[in-house]
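Chemist: Let me give you the structure first, and then I'll get to my questions.
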Amino acid sequence: MTILVFTLSLLGAMALGMPIAFALLVCGVSLMWHLDNFDSQILAQSLLEGVNNFPLMAVPFFILAGALMSAGGLSSRIVRVATALVGHVRGGLGYVAILAATFIASLSGSAVADSAAVAALLIPMMRDAGYRVPRAAGLIASGGVIAPVIPPSIAVIIFGVTAQVSITKLFLAGIAPGLMMAVVLTVTWAICAKKETAVTVGRFSKTELFAALADGIWALLLPIVIIGGMRFGFFTPTEAAVVAVIYALVTGMLVHRELTLSALYKAMLDSAKTSSAVLFLMACSLASAWLITIAEIPDQVTHLLSPFMDSPILLMFIIMLLIVVVGTALDLIPTIMIMTPVLMPTVIAAGIDPVYFGVMFIMNNAIGLLTPPVGTVLNVVAGVSKQTLDQVIVGVWPFLLAFILLLTAFVFVPQLITVPARWLY
């Protein structure tokens, strides 16, 4: 009965058009009424405690860092470096999109922001060169969903806080799978590019190549600074976010001199709006998570899944299928906040590595950004490329299928994630 109250109250509030944050509050209040334990003071206190968390400070700082990087010209320089390296080969601008998306993912950690930045820079170039725009848009959207997996990922921070798993370990464990996503995308594009008749970009001379690398060196060094600093214990993920902001600010204003005061003000204002929405959602979700625990919903879910507890691989396969279905209807962050407190006790009881599960959970939810009808990244890229959503869906399906096959491989061979993660620890 408790699971039914939880599900119906949440879905009912969402069906009425409530924002996810308020739907979670309605769900929490419904659980309190069901348990005959309604107390508005406890609910308010839970909201405050939900965001009174030091690791969560990384979220607004990484959001601001991403905005400063875009405004300061770091993203455009990464695209130029990628063009200099692989733009001249057959289907070269597609490889540029993958390389640029991977590099930019290691700067900001936001799939929507990264996809919008790469699409704005490369879609006009690919259209002028004769590429099929729906396929190009699908490729760029697929490259954008690498961002939630590779550090510094905002989604990983939120999962780590909600699940009480080491964010540093999650960051390091996400590097190898994120790079594998890029490799799979490259192989899939190589197959698709055989049908492209687009004009390639002229080969850069050695002088032009070194000039592009020299101009982009500050952008290329940032992931090394952030990941290296966390790996060797120089700073925590929260401190890494502050370092990223200072680095982007100094580089944009003093090195490249493209970050003007008006652009700085706009970046800070946009970041504040985004951060306030994310943190309010976090507060509501953590309050709801506390009530979910009190209502013993995780224990009931564990009991329902108990027939599969003896086979971690089969259990993971079922959980991943469940998340794929949920991901078609919910966005990345709400899915993490709703499903994490429900699933984590089951995962731990089954003896599954929480870090491995976290990477799989984030990757699965990231793939959900490409699945209609919600498909946030699909909608953003469709808007930037001036294509209909149906056209972008047709363009994205080969890459979506490739990601699902990779996710399936991770389910059956967990060592693909756990072994590189142990090396990086």
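The values are calculated or read from the model by the stated rules, or taken from the named source; none is laboratory data. Quick caveat: nothing in here was measured; it's all calculated off a predicted structure. Here the Cβ is made from the backbone with ideal geometry for all residues, glycine too, and neighbour counts use every protein chain on show.
Chemist: Restricting attention to region 338-378, report how many residues are under 18 Å from I167 (Cα atoms) and either acidic (D, E) or modelled with pLDDT under 80 (or both).
Modeler: 1
Chemist: Six or more apart or on different chains, Cβ atoms under 6 Å: show the pairs whose first residue is in region 58-77 and over 13 Å from L264 (Cα atoms) and touching a residue at least 24 places away in the same chain (Cβ under 8 Å) and whose second is part of a helix (DSSP H, G or I) and acidic (D, E).
Modeler: R77/D215
Chemist: Which one of T340, T335, T346 is of a type in the set (S, T, Y) and touching a Leu at 6+ places or on another chain (Cβ under 9 Å)?
Modeler: Details: T340 fails: touching a Leu at 6+ places or on another chain (Cβ under 9 Å); T335 fails: touching a Leu at 6+ places or on another chain (Cβ under 9 Å).
Result: T346 is the single residue among T340, T335, T346 that is of a type in the set (S, T, Y) and touching a Leu at 6+ places or on another chain (Cβ under 9 Å).
Here is a yes/no grid of residues against (1) more than 24 Å from G395 (Cα to Cα); (2) in contact with a Ser or Thr (Cβ under 7 Å, 6 or more places away or on another chain); (3) among the hydroxyl-bearing types (S, T, Y):
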residue: I63; (1), (2), (3): yes, yes, no
residue: G66; (1), (2), (3): yes, yes, no
residue: G91; (1), (2), (3): no, no, no
residue: Y95; (1), (2), (3): no, yes, yes
residue: A101; (1), (2), (3): no, no, no
residue: A105; (1), (2), (3): no, no, no
residue: A141; (1), (2), (3): no, yes, no
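Chemist: Out of M320, M337, which single residue is closer than 26 Å to L424 by Cα and assigned to a helix (DSSP H, G or I)?
Modeler: Numbers: M337 fails: closer than 26 Å to L424 by Cα.
Only one candidate qualifies: M320.
Chemist: Please specify each residue of region 358-395 satisfying the condition of being in contact with a Ser or Thr (Cβ under 6 Å, 6 or more places away or on another chain) and either buried (at least 24 other Cβ atoms within 10 Å of the Cβ) or under 14 Å from R135 (Cα atoms) (or both). Don't jump to the end; show me each part of the working.
Modeler: Narrowing region 358-395 to residues in contact with a Ser or Thr (Cβ under 6 Å, 6 or more places away or on another chain): 365, 369, 371, 377, 380-381.
If the condition is that a residue be in contact with a Ser or Thr (Cβ under 6 Å, 6 or more places away or on another chain) and either buried (at least 24 other Cβ atoms within 10 Å of the Cβ) or under 14 Å from R135 (Cα atoms) (or both), then N365, L369, V377, V381 are the ones that fit.
Chemist: Read through the list (1) more than 17 Å from M181 (Cα to Cα); (2) touching a residue at least 40 places away in the same chain (Cβ under 8 Å); (3) part of a helix (DSSP H, G or I), then give the number of the only condition that G138 fails.
Modeler: Of (1) more than 17 Å from M181 (Cα to Cα); (2) touching a residue at least 40 places away in the same chain (Cβ under 8 Å); (3) part of a helix (DSSP H, G or I), only one is false for G138: (1).
Chemist: Sort out which residues of region 323-334 are assigned to a helix (DSSP H, G or I) and under 26 Å from L25 (Cβ atoms), and write them in order of number.
Modeler: Taking region 323-334 as the starting set, the residues that turn out to be assigned to a helix (DSSP H, G or I) are 323-327, 332-334.
Residues satisfying the conditions are I323, V325, V326, G327, L332, I333, P334.
Chemist: Among the candidates T188, T162, T207, single out the residue that is more than 23 Å from V396 (Cα to Cα), among the hydroxyl-bearing types (S, T, Y) and buried (at least 19 other Cβ atoms within 10 Å of the Cβ). Working first, answer last.
Modeler: Numbers: T188 fails: more than 23 Å from V396 (Cα to Cα); T207 fails: buried (at least 19 other Cβ atoms within 10 Å of the Cβ).
None of the other options fit; the residue is T162.
Chemist: Still on this structure: Pick from region 220-249 the residues that are surrounded by fewer than 15 Cβ atoms within 10 Å (Cβ to Cβ) and among the β-branched types (V, I, T): which of them is modelled with the lowest pLDDT?
Modeler: This residue is I224.
Chemist: Same structure, new question: So in region 297-313, with the set limited to residues that are surrounded by 13 or more Cβ atoms within 10 Å (Cβ to Cβ), more than 19 Å from D353 (Cβ to Cβ) and not hydrophobic (A, V, I, L, M, F, W, C), which one is modelled with the lowest pLDDT?
Modeler: D299
Chemist: So, one more: If the requirement is being touching a residue at least 24 places away in the same chain (Cβ under 8 Å), in a loop (DSSP other than H, G, I, E, B) and touching a helix residue (DSSP H, G or I) at 6+ places or on another chain (Cβ under 8 Å), which of these qualifies: P372, P420, P398?
Modeler: Numbers: P420 fails: in a loop (DSSP other than H, G, I, E, B); P398 fails: in a loop (DSSP other than H, G, I, E, B).
When all the criteria are applied, what remains is P372.
Chemist: What's the number of the only condition in (1) over 16 Å from L107 (Cα atoms); (2) touching a residue at least 12 places away in the same chain (Cβ under 8 Å); (3) polar (S, T, N, Q) that T238 fails to meet?
Modeler: For T238, the failing item is (1).
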